[in-house]
Amino acid sequence: MRFFTNIRPSITLPLLGILLLGVLVLTYCYSSFSEMKNKDVRILEVLGLCQQDPVNFRRENWSCRTRDMLSPQGLLYKQPSVLKGRTNVLTVTPWLAPIVWEGTFNPLIVDSIYKPMHLSIATTVFAVGKYVRFLRDFLETAEKHFMVDFKVHYYIFTDRREDVPAVVLAPGRNVTIIPVPGSNRWQEISSRRMEMIQTTIENQIGKEADYIFCLDVDTKFHGRWGAETLSRLVATIHPGYYEQTHEHYPYERRLASRAYIPAGEGDYYYGGATIAGYVGDVHKLAKYCREQLEADAANSIEATWQEESHLNRYLLYNKPTKILSPEYLWQDFKAKTNEVQIIRFSQVNKNYAEVRPNVKKRK
């Protein structure tokens with residue numbers, strides 16, 4: 001305290017008091033600012049504008065990343081109306097998430113907003129066992145219709161690397177083959193998918209992509225699948241149940257399973273063939289489903305529809321921020337209905353006994 005040696009005690013004590021008060025004020029201001037900042041982050045998380053995840057996702061951890069909906073000047077399009085639109089289908093959920101149907105978006109506007117963002121889209125697909133035969137049609141039709149003019153990285157999980165077809169890809173689109181073991185039970189292959197998605201996000205995808213789509217391989221694209229499908233957490237309504245009420249959904253009704261959904265509860269029945277969203281949100285979903293599948297296995301129980309059952313429980317209590325209509329997940333054996341004006345993505349007809357292990361062939 002040499003600085004104060006020549007100052008009278010009557011002056012020193014007030015100075016010390018002022019310095020101490022200043023330190024206390026600065027400390028209080030800093031703590032208040034930190035608390036406000038954390039509160040703002042929590043608010044943004046609730047709104048879906050920011051996400052926090054223990055896994056260090058390179059792109060999403062830059063900041064609370066919100067994207068401005070910038071539309072270029074001079075873009076001409078038909079004026080939208082608040083009085084006209086789809087009237088034969090629901091286009092928004094009770095929690096205000098949009099349901100995407102033909103006629104609910106303008107591709108010109110959507111593309112003008114999202115394509116300049118230079119987004120990177122990860123796409124996982126499992127071609128295990130005989131399912132590798134569907135891979136060529138999947139990739140070739142995806143190159144025509146899926147996220148055209150975006151950077152797309154296909155992650156192909158397969159036990160038959162030598163059977164992966166060589167498909168010509170557009171610039172900025174590429175393939176990574178990830179070897180996985182086969183299985184004598186198709187249910188096991190289905191259940192392991194969530195674990196593999198989780199670990200691949202942690203090891204690779206989380207460092208590279210903005211969004212991720214997890215799609216079934218026994219499918220074809222038939223029409224546009226673009227940026228109108230992007231959101232924080234995206235689910236797709238199952239084509240077999242969109243006309244049904246929840247008492248007819250194939251939810252897991254056994255209390256012993258972690259996928260259990262009580263009678264009287266439910267929104268929509270979501271198909272497991274399409275899952276999408278921010279990489280961090282899909283990681284959270286995949287990790288949850290993996291943990292519940294493992295808990296069920298430890299209790300010697302398997303949910304009715306494996307990971308799809310756990311997916312539906314998760315989405316019941318963790319509402320998706322956007323829902324895709326059955327246009328984005330149809331079935332080839334179904335006739336197109338009045339509600340479904342266009343089929344964009346469809347599961348192909350197949351003989352399950354021929355392509356799936358442990359399924360008995362019909363005599």
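The values are calculated or read from the model by the stated rules, or taken from the named source; none is laboratory data. Just so it is clear, the model here is predicted, and its values are computed rather than measured. As a convention, Cβ positions derive from the backbone with ideal geometry for all residues, glycine included, and neighbour counts pool all protein chains shown. Side chains included, ligands, DNA and RNA excluded: accessible areas come from the protein's heavy atoms. Shrake-Rupley method; radii C 1.70, N 1.55, O 1.52, S 1.80 Å.
Annotation: Thr321 fulfils all but one of (1) touching a residue at least 60 places away in the same chain (Cβ under 8 Å); (2) open to solvent by less than 30 Å² (accessible area, probe 1.4 Å); (3) within 14 Å of Ala235 (Cα to Cα); the unmet one is (2). Within segment 225-244, does at least one residue satisfy the condition of being of a type in the set (Lys, Arg) and either open to solvent by less than 30 Å² (accessible area, probe 1.4 Å) or under 14 Å from the mean Cα position of the chain (by Cα) (or both)? Within segment 225-244, one or more residues are of a type in the set (Lys, Arg) and either open to solvent by less than 30 Å² (accessible area, probe 1.4 Å) or under 14 Å from the mean Cα position of the chain (by Cα) (or both). Residue count for segment 317-338 under the criterion of being modelled with pLDDT of 95 or more and either under 17 Å from Thr229 (Cβ atoms) or charged (D, E, K, R) (or both): the result is 12. For segment 286-317, a residue qualifies if it is of a type in the set (Asp, Glu) and within 21 Å of Leu233 (Cα to Cα), and the qualifying residues are Glu291, Glu307, Glu308.
Between Lys115, Lys130, Lys151, the distinction of being modelled with pLDDT of 95 or more and surrounded by fewer than 18 Cβ atoms within 10 Å (Cβ to Cβ) belongs to Lys115 only. As a summary of the residue check, Val110 satisfies the conditions (1) touching a Gly at 6+ places or on another chain (Cβ under 9 Å); (2) on the phi > 0 side of the Ramachandran plot; (3) of a type in the set (A, V, I, L, M) except for the one numbered (2). Restricting attention to segment 254-270, the residues being among the charged types (D, E, K, R) and over 21 Å from Ala235 (Cα atoms) number 1.
Out of all the residues in segment 199-213, is one or more open to solvent by less than 10 Å² (accessible area, probe 1.4 Å), at pLDDT 95 or above and in contact with a His (Cβ under 6 Å, 6 or more places away or on another chain)? Yes, some residue in segment 199-213 is open to solvent by less than 10 Å² (accessible area, probe 1.4 Å), at pLDDT 95 or above and in contact with a His (Cβ under 6 Å, 6 or more places away or on another chain).
Could you tell me which residue of segment 100-112 is farthest from Ile201 (Cα to Cα), considering only residues that are hydrophobic (A, V, I, L, M, F, W, C) and open to solvent by less than 30 Å² (accessible area, probe 1.4 Å)?
Within segment 100-112, the match that is farthest from Ile201 (Cα to Cα) is Trp101.
With the condition kept exactly as written, say whether any residue in segment 169-182 is open to solvent by less than 20 Å² (accessible area, probe 1.4 Å), over 30 Å from Gln73 (Cβ atoms), at pLDDT 95 or above and in a loop (DSSP other than H, G, I, E, B). Scanning segment 169-182, I find no residue that is open to solvent by less than 20 Å² (accessible area, probe 1.4 Å), over 30 Å from Gln73 (Cβ atoms), at pLDDT 95 or above and in a loop (DSSP other than H, G, I, E, B), so the answer is no.
Does at least one position in segment 189-210 carry a residue that is of a type in the set (Lys, Arg) and under 30 Å from Gln73 (Cα atoms)? For segment 189-210, residues of a type in the set (Lys, Arg) and under 30 Å from Gln73 (Cα atoms): absent.
Name every residue in segment 324-344 that is surrounded by fewer than 24 Cβ atoms within 10 Å (Cβ to Cβ), among the polar types (S, T, N, Q) and closer than 24 Å to Phe213 by Cα, in order of residue number. Scanning segment 324-344 gives Gln331, Gln341.
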